[in-house]
Amino acid sequence: GDSVTQMEGPVTLSEEAFLTINCTYTATGYPSLFWYVQYPGEGLQLLLKATKADDKGSNKGFEATYRKETTSFHLEKGSVQVSDSAVYFCALRSSGYSTLTFGKGTMLLVSP
Amino acid sequence: GAVVSQHPSWVICKSGTSVKIECRSLDFQATTMFWYRQFPKQSLMLMATSNEGSKATYEQGVEKDKFLINHASLTLSTLTVTSAHPEDSSFYICSAPRDPEAFFGQGTRLTVV
């Protein structure tokens, strides 16, 4: 079955540091890939997505590239802010109406 | 963009009572909605798939008589936690797919005392 593996946290960084959160996946066919962000006490918000190989999703300074050859979708940001502190979930979706398969989530803590 | 509204955002109830959580797709029709449960510092656990016009599909280990799901229309799904107990306290989140992504409600923090 489908699965998503992402690095365990928490990831602790100082403001303006470079961020990488690794995500790899296992799936049949050509899934769509997502990064969701969850702020404390809230639901999930879509951060970015990529629907085919070599696509790069980007939003709010975050980027991730769909790498089919390495089955990866690593999240990066060049300069994190305190407001980026949240839990980040990597996810995939195999077909139009199937549920998302989530990674376990990675907590990011950014200090001033 | 598409919005999914979940209500209430938090609720406190007494043991033995029932609580209903609503999930609405505001600007699109959702024939399918998903209900998740999230424990502290953990990922989302899929509880069930709600299907408009038919019975919900429950994941293994989820009690269908305890967690009643009704998908009354193309824009509304409800989750009712029946005879709630403290161990049911959790964060519940609904989601509606809209190809190629999924949209999430704000979540409901349920506390059973």
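The values are calculated or read from the model by the stated rules, or taken from the named source; none is laboratory data. Because the structure is predicted, anything quoted here is derived from the model rather than measured. Backbone-built Cβ (ideal geometry, glycine too); neighbour counts: all protein chains shown. Each accessible area value is taken on the protein alone, full model and side chains, heavy atoms only, with ligands, DNA and RNA left out. Shrake-Rupley method; radii C 1.70, N 1.55, O 1.52, S 1.80 Å.
If R0 is 25 Å, the Cβ-Cβ spacing of A:GLU42 and B:SER83 corresponds to a FRET efficiency of close to 0.35.
With distances taken between every two different alpha-carbon atoms, the stretch B:10-90 has a Kirkwood hydrodynamic radius of 13.3 Å. What is the local net charge at A:SER85, summed over the other residues whose Cβ is closer than 15 Å to its Cβ (Lys, Arg +1; Asp, Glu -1)? Net charge in that neighbourhood comes out at -1. Peptide B:96-107 is shielded by partner chain Cβ atoms: per residue, an average of 6 of them sit within 10 Å of its Cβ. Take the Kirkwood radius over Cα pairs of the protein assembly as shown, plug it into Stokes-Einstein at 10 °C and 1.306 mPa s, and you get 88 µm²/s for translational diffusion. The charge dipole of chain A, taken about its Cα centre with unit charges on the Cβ atoms of Lys, Arg (+1), Asp and Glu (-1) only, comes to about 320 debye. Counting only Cβ charges, +1 for Lys and Arg and -1 for Asp and Glu, the dipole size of chain B around its Cα centre is about 260 debye. Just the protein heavy atoms count here, and of the accessible area of the protein assembly as shown at 1.4 Å, carbon and sulfur take up 51 percent.
Shielding of peptide A:44-50 by partners, expressed as the average count of other chain Cβ atoms within 10 Å per residue Cβ, is 3. The distance from the alpha carbon centre of the stretch B:50-113 to that of the stretch A:60-112 is 25 Å, rounded to a whole number. Using DSSP loop states and a limit of at most 15 other Cβ atoms within 10 Å to flag trypsin sites (Lys or Arg not before Pro), what is the longest stretch of chain A containing no flagged site? Excluding the exposed sites themselves, the longest stretch runs over A:1-51.
Note down the nm distance, to one decimal, between modelled labels 7 Å out along Cα→Cβ at B:SER5 and at A:GLU8. Reported label-point gap for B:SER5 and A:GLU8 is 4.1 nm. How far apart, in nanometres, would the label points at A:THR26 and B:LYS64 be if each is projected 7 angstrom from Cα along the Cα-to-Cβ direction? According to this spin-label approximation, the distance is 2.9 nm. Per residue, the accessible area of chain A comes to 48 Å² when a 1.4 Å probe rolls over the protein heavy atoms. Computed from label points 7 Å out along Cα-Cβ, the spacing between A:PHE18 and B:SER73 is 5.2 nm. Chain B contacts chain A over a buried accessible area of about 1600 Å², both sides summed; the probe is 1.4 Å and only protein chains count. Cross-link partners of B:LYS55 among lysines, defined as those whose alpha carbon lies under 25 angstrom from its own and excluding same-chain residues fewer than eight positions apart: B:LYS20, B:LYS64, B:LYS66.
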